[in-house]
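Structure, as structure tokens:
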Amino acid sequence: MAHQHVHIHTHNQALTSLNTVFIVCIVINLLFVIIEAGVGFLFNSLGLLSDAGHNLSDVFSLLLSLFAYRMAKRHSTDHFTYGYKKSTVLVSLLNAIILLIAVGAIIIESIYKLRQPEQVSGVAVSWTAGIGILVNGITAWLLMKNQKHDLNVRGAFLHMAMDTLVSVGVVISGIIIVLTGFVLIDTLISLAIAILILISTWKLLKESLFLSLDAVPETIHLHELEKHIAQVEGVESFHHFHVWAMSTTENAATIHVVLKDLTQMEEVKHAVKDKLRDYGIQHSTVECEAPGSHCHDSCCCK
């Protein structure tokens, strides 16, 4: 009970800290979007407008992630016995879809600008994008600490890190315009932005879609885990082994274990649970069966 209390307390502390990080990131990025969009309209820069649109989608993504984390903290009910943890997976999927829509809008507008190029102020573009490097860099740094073990945070971190690189590209385009007057570079940079966003979004889209369909999380190497379970002393075989994500940070599993000796039930059960926990599976149900039990389902025997 003491271990459980410490785990819950630590988990709640992490969520509270992460919520604060999200709020700070949302505020500074929203302020920058307003400034960047204003300068983009004033100086007719597609690069700045497209980057502002992408940064606005990041703000919405951060808001959705914050909402999902708050939902994940709510207690379970008779109708939602797992609570609302799965909302973090659904929000991650929605964030990926929002980014894909933003990519489509940028590409369409870029093609239009290629046909009808307009004059752009390279100085305004460079200064505004330079501020973007600072804002996106700070945001990425704030998210970096928590991005390794959470799909939502990792997605936000990758987007902000990518945005920092994109802002560098926009600064370069502004300098090129000032030195050469080649205004098409602004449109070409916006197309490069779209490609970079698409690349960074693909993995997030794939992983969040798979998790929403209860696939095994990418961080869990199932075949390797199966080998370790088979090596547990007292295990004759196992079947009906299922692993899925309850949220972007918590995993669950069920497994039927056939014992060599029924008297070893408790020891084997604890040993199997420890193996699952080592692989990041916090919630597990282990059912033990008597020696000589057979599973007639051809797809479940190991």
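The values are calculated or read from the model by the stated rules, or taken from the named source; none is laboratory data. Note that the coordinates shown come from a computational prediction; the quantities given were computed from them, not determined experimentally. Ideal geometry is used to build each Cβ from the backbone, glycine not excepted, and the neighbour counts take in all protein chains shown.
Reported count of residues in the range 244-255, each being crowded, with 18+ Cβ neighbours inside 10 Å and under 15 Å from residue 287 (Cβ atoms), is 3. Being part of a strand (DSSP E or B), buried (at least 18 other Cβ atoms within 10 Å of the Cβ) and modelled with pLDDT of 90 or more is a condition met by at least one residue of the range 259-267. The set of residues in the range 185-212 being of a type outside the set (Gly, Ala, Ser) and over 16 Å from the mean Cα position of the chain (by Cα) consists of 185, 186, 187, 188, 189, 191, 193, 195, 196.
Take residue 243 and tell me if it is out of contact with any Ser or Thr (no Cβ under 7 Å at 6 or more places or on another chain), part of a strand (DSSP E or B) and either within 23 Å of residue 99 (Cβ to Cβ) or not basic (Lys, Arg) (or both). Can you show your working first?
On the way: out of contact with any Ser or Thr (no Cβ under 7 Å at 6 or more places or on another chain): yes; part of a strand (DSSP E or B): yes; either within 23 Å of residue 99 (Cβ to Cβ) or not basic (Lys, Arg) (or both): yes.
Answer is yes for this residue.
Only one entry in 153, 216 is assigned to a loop (DSSP other than H, G, I, E, B), crowded, with 17+ Cβ neighbours inside 10 Å, among the hydrophobic types (A, V, I, L, M, F, W, C) and in contact with a helix residue (DSSP H, G or I) (Cβ under 9 Å, 6 or more places away or on another chain), namely 216.
Every residue, every condition in (1) in contact with a Ser or Thr (Cβ under 9 Å, 6 or more places away or on another chain); (2) at pLDDT 75 or above; (3) outside the structural domain of residue 39 (by TED's automatic domain parsing); (4) not in a helix (DSSP H, G or I), yes or no:
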| residue | (1), (2), (3), (4) |
| --- | --- |
| 117 | yes, no, no, yes |
| 140 | yes, yes, no, no |
| 159 | yes, no, no, no |
| 175 | yes, yes, no, no |
| 189 | yes, yes, no, no |
| 199 | no, yes, no, no |
| 202 | no, yes, no, no |
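Just for the range 35-87: of the residues that are of a type in the set (Phe, Trp, Tyr) and assigned to a helix (DSSP H, G or I), which one is farthest from residue 213 (Cα to Cα)? If we take residues in the range 35-87 being of a type in the set (Phe, Trp, Tyr) and assigned to a helix (DSSP H, G or I), then 43 is farthest from residue 213 (Cα to Cα).
Residue by residue, here is whether (1) of a type outside the set (S, T, N, Q); (2) under 22 Å from residue 129 (Cα atoms); (3) buried (at least 20 other Cβ atoms within 10 Å of the Cβ) holds:
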{"site": "55", "(1), (2), (3)": "no, yes, yes"}
{"site": "59", "(1), (2), (3)": "yes, yes, no"}
{"site": "63", "(1), (2), (3)": "yes, no, no"}
{"site": "67", "(1), (2), (3)": "yes, no, no"}
{"site": "73", "(1), (2), (3)": "yes, no, no"}
{"site": "80", "(1), (2), (3)": "yes, no, no"}
{"site": "83", "(1), (2), (3)": "yes, no, no"}
{"site": "98", "(1), (2), (3)": "yes, no, no"}
{"site": "106", "(1), (2), (3)": "yes, yes, yes"}
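Restricting attention to the range 230-284, the residues that are closer than 30 Å to residue 204 by Cα and free of Cβ contacts under 8 Å to residues at least 60 places away in the same chain add up to 18. Consider residue 37 carefully, then state whether it is buried (at least 20 other Cβ atoms within 10 Å of the Cβ) and either in the same structural domain as residue 97 (by TED's automatic domain parsing) or farther than 17 Å from residue 189 by Cα (or both). Answer is no for this residue.
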